[in-house]
1. I need the full set of residues from region 95-150 which are of a type in the set (Lys, Arg) and assigned to a helix (DSSP H, G or I), in order please.
2. Of everything in region 109-144, what is among the small types (Gly, Ala, Ser) and on the phi > 0 side of the Ramachandran plot? Give them in sequence order.
3. For region 85-94, state whether one or more residues are without any contact (Cβ under 8 Å) to a residue 60 or more places away in the chain, exposed (fewer than 14 other Cβ atoms within 10 Å of the Cβ) and of a type outside the set (D, E, K, R).
4. In region 104-146, how many residues are farther than 11 Å from Phe31 by Cβ, at pLDDT 90 or above and among the small types (Gly, Ala, Ser)?
5. Would you please name the residue that is nearest to Ile13 (Cα to Cα), looking only at residues in region 127-143 that are under 18 Å from the mean Cα position of the chain (by Cα) and surrounded by 15 or more Cβ atoms within 10 Å (Cβ to Cβ)?
6. Take region 57-84 and flag every residue that is charged (D, E, K, R) and surrounded by 11 or more Cβ atoms within 10 Å (Cβ to Cβ).
7. How about region 1-85: which helices (runs of 4 or more DSSP H) wholly inside it have at least 1 residues that are modelled with pLDDT of 85 or more, under 21 Å from Val137 (Cβ atoms) and not basic (Lys, Arg)?
8. Hey, does region 99-119 have a residue that's out of contact with any helix residue (DSSP H, G or I) (no Cβ under 7 Å at 6 or more places or on another chain) and of a type in the set (Ser, Thr, Tyr)?
Amino acid sequence: MKKIKFILTTMLIMLAVNLSANAATIGYADFGKVLNDYSFARNAYKDIDNKLTELQQYAIDKEKQFKTIESPIQKKTFEDQVQKEFRAKEDRIYDLKNQKEKVIRDNVMAACKSVAAAKKLDVILDYGVVYAGGVDVTNDIIQYLNAQKK
C-alpha cells in the first residue's frame, strides 16, 4: 500500500512539474475539508451512521430475545433467521453507502471541472502533493457544491 501511494505521489509530482514546465496553471484543494464542509456529503454520512446504529440496536435486541429461548432447536432456527435478516439489512446499508459515495464523488468531480474552467486552471490536485505554488480552490469547490441542489 505504501509503495502504491509513493508511486502515485511521484507520478502526480512529475505531472505537476511537467505541467508547470509548460506554463500550466495548477490548482489544489483540501478534499478532506471539501467533504467535511459539503452539506450533502455530511448529511449522507450522518444518514449512513444512523442506519448502522439501527443495525447495532437490531443485533442487541435480537440477542436479548435469543437469551429468552430455551429450546436448542428454536435457538438454532432463531439464530439462522436473525443472521439472514442481519445480512440483508447490512447489504442494504452498504449498497446505500456505495450509492451515496458515487453521487458525492461525481458531484465533487463536476465541481472541480467547473471551478477549474472558471479559474482557467489546467489541473486541480490534492493539496498534499503540491509543495509550493498553485492556487487554493478548496473554498470555491465547497461553495459550488453547497450552491447546487442535489
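1. Taking region 95-150 and keeping what is of a type in the set (Lys, Arg), we get 97, 100, 102, 105, 113, 119-120, 149-150.
Selection gives Lys97, Lys100, Lys102, Arg105, Lys113, Lys119.
2. So in region 109-144, the residues among the small types (Gly, Ala, Ser) come out as 110-111, 114, 116-118, 128, 132-134.
Scanning region 109-144 gives Gly133, Gly134.
3. yes
4. 5
5. The first filter runs over region 127-143 and keeps only residues under 18 Å from the mean Cα position of the chain (by Cα), leaving 127-128, 138, 141-142.
Add one more test, that the residue is surrounded by 15 or more Cβ atoms within 10 Å (Cβ to Cβ), and what stays is 127, 138, 141-142.
Details: Tyr127: 11, Thr138: 19, Ile141: 22, Ile142: 24 Å.
Selected residue: Tyr127.
6. Narrowing region 57-84 to residues charged (D, E, K, R): 61-64, 67, 70, 75-76, 79-80, 84.
Across region 57-84, the qualifying residues are Asp61, Lys62, Lys75, Lys76, Glu79.
7. On the way: elements: 2-21, 31-37, 39-68.
In region 1-85, the matching helices (runs of 4 or more DSSP H) lie at 31-37, 39-68.
8. no
The values are calculated or read from the model by the stated rules, or taken from the named source; none is laboratory data. Every value quoted in this text rests on a predicted model; they were computed, and no experiment measured them. Note: ideal-geometry Cβ built from the backbone for every residue, glycine included; neighbour counts use all protein chains shown.
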